[in-house]
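> Quick one: the structure is below, and I'll ask about it shortly.
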Amino acid sequence: MSKHEVPVIKIDEIFSHANADSLELIKVFGWTCCIKKGQFKVGDLVVYCPPDYLVFTDRPEFAFLSDGKSNRARIKVKKLRGIVSQGLVIPLDPALGLKEGDNAMEALGIIRYEPPEDFSTGGDNVSSPSGLYCPKYDIETFNRYVELFADGEEVICTEKIHGCNGRFVFSSKEDCMFCGSRTNWKANDGRNVWWKALIKNQWIESWCRKHPDILLYGEVFGQVQSLKYGAGPNDFFFAAFDILDHDRWVPFDEAREMTKDEPNFKWVPLVYRGPFNKDMLLAEAEGNSLWPKAESQIREGLVIKPIVERIDSMLGRVQLKMISNKYLEKN
């Protein structure tokens, strides 16, 4: 499960900024962050707030971010004098009683940013499919776990689509389709994007009926979020990114084999397959979308997983999302 975290860290090294005399740089896991020159020294404990978290500007730590219109500010990626700065670093107030490695979200009242949807993601919920294991689908960010993949490890990299996480299954016990968001199963009341996607993409139900009790996970997108992927006014696309066969995540090649007989089946685009190379993939994440008719649109990022499925003792199933800086700057 994805862990939302605003960590307390110790500054191990400070780097000069090649283009600004008043700025310096620090590394936080896989992120780079600009700081004011002389504000911190090596050994200081600080709070690092990654991109896409919301802070409240009525707190003194964040008052400088106020725009005078709202008491909230979203932490974003910004390019400062030619170098991308990914997040915010603030001094750690000793009065908070936090130590290195602690999560400062609760102490500082920080929350995760959730982008608004253009269409309803509401509607009534229903009970889960009887007797089926149906976990929520979360992926941790690459920047937090940069050492998880070794150089040369064979990996699969697919495009991370900007939409709403969805899951679909035909239950043999109830003899009906189930349609859900990341967290809830939804009633077919015409008020949510998941059922709209199911109705618009009849191949989903066709495949699920041929493979009862096997969950299909993917992204509902188009007229859903800020990136439209060439969608018309009433277009709701769906692209699969995983299959769960009871308690087993189906490996990449086997999953493609399972779906080849469904002529209209759509997978998220494959961006790269081959040896892991961090610098190459960081550059690849900044490319444009590979979705048909959306080639001029920026890419949200990549999802990276090993060709041979494996488990990490701390993280669980090994796969990470690498978010594009272009996307984070724009959105």
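> Distance between Cα centroids, region 275-318 to region 1-52: provide it in whole Å.
Region 275-318 and region 1-52 have Cα centres separated by 25 Å.
> Let me ask something additional. Quick one: what are the phi-derived ³J(HN,Hα) couplings along region 278-285, Karplus 6.51/-1.76/1.60 with θ = phi - 60°, whole Hz, x for glycine and proline?
4, 5, 5, 6, 4, 5, 5, 4
> Which ³J(HN,Hα) values in Hz, rounded to whole numbers, follow from the phi angles of region 36-41 under the Karplus curve 6.51 cos²θ - 1.76 cosθ + 1.60, where θ = phi - 60° and Gly and Pro get x?
5, 5, x, 5, 10, 10
> Of all the accessible heavy-atom surface of the chain, with the other protein chains kept in place and a 1.4 Å probe, what percent is carbon and sulfur?
The computed percentage sits at 49.
> Rolling a 1.4 angstrom probe over the protein chains, ignoring ligands and nucleic acids, what is the accessible area of Arg191 in square angstrom, nearest 10?
Spelled out: Arg191, probe radius 1.4 Å, area about 110 Å².
> Ok, one more. Charges only on Cβ, +1 for Lys and Arg, -1 for Asp and Glu: so what's the dipole of region 128-202 about the Cα centre, in debye to the nearest 20?
I would put it at about 620 debye.
> With a 1.4 Å probe and all protein chains kept in place, how do Ser70, Ser324 rank by accessible area, largest first?
So the residues, ranked largest to smallest area, are Ser70, Ser324.
> To the nearest 0.05, what FRET efficiency results for Arg209 and Leu282 with a Förster distance of 56 Å applied to their C-beta separation?
The value I calculate is 0.85.
> Right, here's the next one. Within region 211-281, report the GluC sites (Glu not before Pro) that DSSP leaves as loop and that have at most 14 other Cβ atoms within 10 Å.
none
> List the residues, sorted by chain then number, that are 5 or more residues from Ile111 or on another chain and whose placed amide H is less than 5 Å from its amide H.
Amide H to amide H, under 5 Å and 5 or more residues apart or across chains, Ile111 pairs with Leu54.
> A further question follows. Excluding ligands and nucleic acids, what accessible area in Å² is computed for Lys79 using a 1.4 Å probe, to the nearest 10?
So the heavy atoms of Lys79 present about 120 Å² to solvent.
> Next up: So, R0 is 30 Å and r is the distance between the beta-carbons of Ala150 and Ser128; what FRET efficiency does that work out to, to 0.05?
Efficiency computed from Cβ-Cβ geometry: 0.20.
> If I stretch the segment between Lys69 and Ile311 completely, what's the gain in nm (0.36 nm per residue apart, minus their alpha carbon distance), one decimal?
Separation in residues times 0.36 nm, less the Cα-Cα distance, equals 82.5 nm.
> In nm, to one decimal, how far is the modelled label at Arg273 from the one at Lys200, with both set 7 Å along Cα→Cβ?
Modelled inter-label distance: 2.8 nm.
> Using a simple charge model, +1 on the beta-carbon of Lys and Arg, -1 on the beta-carbon of Asp and Glu, nothing else, what dipole does the chain show about its Cα centre, in debye to the nearest 20?
Details: 43 positive and 48 negative charges, 162 e Å.
That gives the chain a dipole magnitude of about 780 debye.
> Rg and Dmax of the chain, Cα atoms, in Å?
Here Rg and the maximum Cα pair distance are 21.4, 67 Å.
> Within the set Lys10/Lys278; Lys173/Lys228; Lys37/Lys79; Lys10/Lys330, which residue pairs have Cα atoms separated by over 27 Å?
Check vs 27 Å cut-off fails for Lys173/Lys228; Lys10/Lys330.
> Long-range amide H contacts for Gly222: which residues qualify at under 5 Å (H placed 1.01 Å from N, peptide plane, sequence gap of 5 or more or a different chain)?
Distant-sequence amide H within range of Gly222: Phe237.
The values are calculated or read from the model by the stated rules, or taken from the named source; none is laboratory data. The shown structure was predicted, so the numbers you read here are calculated from the model rather than taken from an experiment. As a convention, Cβ positions derive from the backbone with ideal geometry for all residues, glycine included, and neighbour counts pool all protein chains shown. Keep in mind that these areas ignore ligands, DNA and RNA; they rest on the heavy atoms of the full protein, side chains included. Shrake-Rupley method; radii C 1.70, N 1.55, O 1.52, S 1.80 Å.
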